[in-house]
Amino acid sequence: MSIETPPADAPRRRFLATITTGILSIIGGILGVIGGGAVLSSTGGRQEDWLAASALHDLPDNEPTAVTLSVMRVDGYREALVRRTIFLVKTGESEVAAFDATCTHLGCLVGWDPQGQVFKCPCHGGIFDRSGAVMEGPPPEGLMKIATRVDGNRVMVQA
Ligand code: FES
């Protein structure tokens with residue numbers, strides 16, 4: 001009859017296995033938090049809420065009106081209140097178009113020229129028509145359109 005004796009280093013092996021498992025668990029937890037934060041920031045980096053931008057009856061027909069919104073932005077783990085200038089254009093009885101006022105060339109803010117009936121960028125001469133399409137200058141694409149909806153007398157925009 002033989003009796004097996006555990007190797008002399010068995011307690012040490014169990015100790016190392018426990019420590020290794022603990023360290024791997026901590027690393028896995030850290031990676032989970034970082035990965036979870038990246039997923040949340042990629043889907044929640046922009047707040048997709050509807051914001052009240054104007055009263056419908058305050059908007060003149062077919063005349064772009066500049067409005068400045070305060071929008072909460074989430075950037076990674078930071079939150080910041082940023083100002084965003086947009087143009088609202090009442091195109092029908094209860095229809096409103098909206099454009100971001102940021103020029104698509106290098107980011108200057110465009111202004112509405114009521115004489116020329118165009119949006120003009122003061123930086124490099126970019127000109128956009130009232131639908132936001134590029135007419136002249138270096139901007140590579142038209143002004144960014146913003147989703148709108150009208151709730152009663154309130155014009156809502158998707159920030
Ligand atoms: S930033 Fe508007 S034309 Fe350059």
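The values are calculated or read from the model by the stated rules, or taken from the named source; none is laboratory data. Remember, it's a predicted structure, so these values are computed and weren't measured experimentally. Positions of Cβ are backbone-derived with ideal geometry, glycine not excepted, and every protein chain shown enters the neighbour counts.
With respect to G125, determine if the residue is at pLDDT 95 or above, surrounded by 14 or more Cβ atoms within 10 Å (Cβ to Cβ) and within 16 Å of the ligand (Cβ to nearest atom).
Here the answer is no, as G125 does not meet what is asked.
Mind listing whichever residues of region 1-60 are modelled with pLDDT of 80 or more and within 30 Å of V155 (Cβ to Cβ)?
Matches in region 1-60: D49, W50, L51, A52, A53, S54, A55, L56, H57, D58, L59, P60.
So which strands (runs of 3 or more DSSP E) stay within region 93-159 end to end and still have 1 or more residues that are touching a residue at least 40 places away in the same chain (Cβ under 8 Å) and over 19 Å from A53 (Cα atoms)? Can you show your working first?
Values: elements: 95-100, 111-113, 118-120, 134-136, 148-151, 154-158.
Of the strands (runs of 3 or more DSSP E) lying wholly inside region 93-159, those with at least 1 residues that are touching a residue at least 40 places away in the same chain (Cβ under 8 Å) and over 19 Å from A53 (Cα atoms) span 118-120.
Pick out the one residue from E93, E136, E141 that is within 16 Å of the ligand (Cβ to nearest atom), out of contact with any strand residue (DSSP E or B) (no Cβ under 6 Å at 6 or more places or on another chain) and acidic (D, E).
E141
I'd like to verify a number: residues in region 49-63 that are over 14 Å from D151 (Cα atoms) and touching a Leu at 6+ places or on another chain (Cβ under 7 Å), how many?
Of the residues in region 49-63, 1 are over 14 Å from D151 (Cα atoms) and touching a Leu at 6+ places or on another chain (Cβ under 7 Å).
Answer with yes or no whether C103 is touching a Gly at 6+ places or on another chain (Cβ under 9 Å) and within 18 Å of L69 (Cβ to Cβ).
Numbers: touching a Gly at 6+ places or on another chain (Cβ under 9 Å): yes; within 18 Å of L69 (Cβ to Cβ): yes.
When the stated conditions are applied, C103 passes them.
I need the full set of residues from region 130-143 which are at pLDDT 95 or above, within 18 Å of V89 (Cα to Cα) and surrounded by fewer than 16 Cβ atoms within 10 Å (Cβ to Cβ), in order please.
Listed by number, the list holds a single entry, A133.
Just checking, does region 83-92 include any residue being in a strand (DSSP E or B), under 18 Å from the mean Cα position of the chain (by Cα), in the same structural domain as L143 (by TED's automatic domain parsing) and farther than 15 Å from M144 by Cβ?
yes
Tell me whether region 101-119 contains one or more residues that are more than 16 Å from the ligand (Cβ to nearest atom), under 23 Å from the mean Cα position of the chain (by Cα) and surrounded by 13 or more Cβ atoms within 10 Å (Cβ to Cβ). Let's see the steps before the verdict.
Start the filter on region 101-119 by keeping residues that are more than 16 Å from the ligand (Cβ to nearest atom), which leaves 114-115, 117.
Restricting the remaining residues to those that are under 23 Å from the mean Cα position of the chain (by Cα) gives none.
No, region 101-119 contains no residue that is more than 16 Å from the ligand (Cβ to nearest atom), under 23 Å from the mean Cα position of the chain (by Cα) and surrounded by 13 or more Cβ atoms within 10 Å (Cβ to Cβ).
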